[in-house]
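Here is the structure we will look at.
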Amino acid sequence: MTMRQLFIWILLCIAISIQAQHISQMTVRATVVVNDTLPLVDLHEVEVFSLLSPTTKREKRQLTKLIRDVKKVYPYARLAGIQLRKYNELLKKAKNERESRKIMKVAEKEINEQYGDELKNMTFSQGKILIKLIDRETGDCSYALVQDLRGNFTAFFYQAFARLWGYNLKVKYDPEGTDKQIETIVRLIERGQL
């Protein structure tokens with residue numbers, strides 16, 4: 001062995017020992033397949049979302065408008081879900097029907113004072129999206145919610161009034177069908193990507 005080979009051998013040993021110090025040990029589950037050991041590693045689930053790609057200028061405008069409307073309306077739908085859970089708990093604690101009606105009047109007044117002006121300034125399409133997103137957040141259509149909280153007559157009256165203006169409180173949210181674009185936008189908002 002020459003001096004040069006000995007020097008290279010020593011450098012190689014030093015490099016390997018330094019590299020070995022930086023390697024951390026990790027225990028991994030494995031399986032043997034035909035005399036070959038394969039590691040089993042759990043990976044985090046990854047959701048892939050994609051909005052339908054608009055092909056025309058009109059479709060691009062419609063998608064931009066839909067995104068804008070969902071971004072404006074979604075916080076109100078979330079608040080509706082939170083408020084509904086809050087008032088359901090209060091209604092469960094009510095001693096009688098009279099106390100329940102009093103709670104509902106206070107709730108209606110509170111919501112109207114807080115959000116009334118903003119909700120009145122929504123566009124027609126934003127109102128339709130809000131009705132669908134309330135169903136998404138609460139699991140019940142708006143008609144069923146009004147029926148549970150205010151009674152059959154009030155729900156019928158609200159539905160009749162809504163139908164005069166082109167709304168339908170009985171519409172159900174369909175994330176796999178007609179509302180797929182809205183669902184995708186909502187999920188992107190929830191993940192902070194929109």
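Nothing in this text is a laboratory measurement; each read-out follows from the coordinates by a stated rule. Here the structure is a predicted model, which is why all the values come from computation and not from measurement. Here Cβ is always computed from backbone atoms with ideal geometry, including for glycine, and neighbour counts include all displayed protein chains.
Among the listed options (1) 45; (2) 57; (3) 26, the one matching percent of Cα pairs over 32 Å apart as calculated from these coordinates is (1).
Each of Trp165, Trp9 was scored by other Cβ atoms within 10 Å of its Cβ. Listed from fewest to most, they are Trp165, Trp9.
Label positions at Asn88 and Glu176, each projected 7 Å from the Cα along the C-beta direction, are separated by 2.3 nm.
Basic side chains Lys and Arg get +1 at the Cβ, acidic Asp and Glu get -1 at the Cβ, and with that the dipole of segment 88-153 about its Cα centre reaches some 240 debye. Taking the number of Cβ atoms within 10 Å of each Cβ as an exposure proxy, the fewest-first ranking of Ile8, Ile189 is Ile8, Ile189. Computed 3J(HN,Hα) for segment 117-132, one whole-Hz value per residue from the Karplus formula 6.51 cos²θ - 1.76 cosθ + 1.60 where θ = phi - 60°, is 5, 5, 5, 5, 8, 6, 7, 4, 5, 5, x, 5, 5, 4, 4, 5, glycine and proline marked x.
Which shape class applies to segment 28-125: rounded if a/c is under 1.5, otherwise prolate when a/b exceeds b/c and oblate if not, where a ≥ b ≥ c are the square roots of the Cα gyration tensor eigenvalues? Oblate shape, in that a/c is at least 1.5 and b/c is the bigger or equal ratio.
Suppose every Lys and Arg Cβ carries +1 and every Asp and Glu Cβ carries -1, with no other charges. What dipole size does segment 23-76 come out with about its Cα centre, to the nearest 20 debye?
Details: 9 positive and 6 negative charges, 173 e Å.
About 840 debye.
The C-alpha atoms of the chain define a longest principal axis, and helix 57-93 lies at about 70 degrees to it. Here the Gaussian network model covers the chain, with springs between Cα atoms less than 10 Å apart; of Asn121, Asn112, Asn35, Asn35 fluctuates the most. Computed from Cα positions, the angle between helix 180-190 and the longest principal axis of the chain comes to roughly 70 degrees. Evaluate E = 1/(1 + (r/R0)^6) for Lys102 and Asn152, where r is the Cβ-Cβ distance and R0 equals 30 Å; express this FRET efficiency to the nearest 0.05. After rounding to 0.05, the efficiency reads 0.90. Taking the chain as a Gaussian network of alpha-carbon nodes connected by springs under 10 Å, the highest mean-square fluctuation of the residues Thr27, Thr64, Thr55 belongs to Thr27. Computed per residue of the chain from DSSP H runs no shorter than four, each worth -39500 (n - 2.57), the mean residue ellipticity at 222 nm is -22500 deg cm²/dmol. The slack in the chain from Leu79 to Arg4, taken as 0.36 nm per residue of separation less the alpha-carbon distance, amounts to 19.4 nm.
Structure note, pairs Lys71/Lys93; Lys105/Lys180; Lys95/Lys132; Lys65/Lys132; Lys72/Lys109: Cα-Cα distances above 27 angstrom occur for Lys71/Lys93; Lys105/Lys180; Lys95/Lys132.
Listed by Cβ neighbour count within 10 Å, with the fewest neighbours leading, Ile103, Ile185, Ile14 appear as Ile14, Ile103, Ile185. The mean sequence separation of alpha-carbon pairs under 8 Å and at least six residues apart, normalised by the residue count of segment 8-155, gives a relative contact order of 19 percent.
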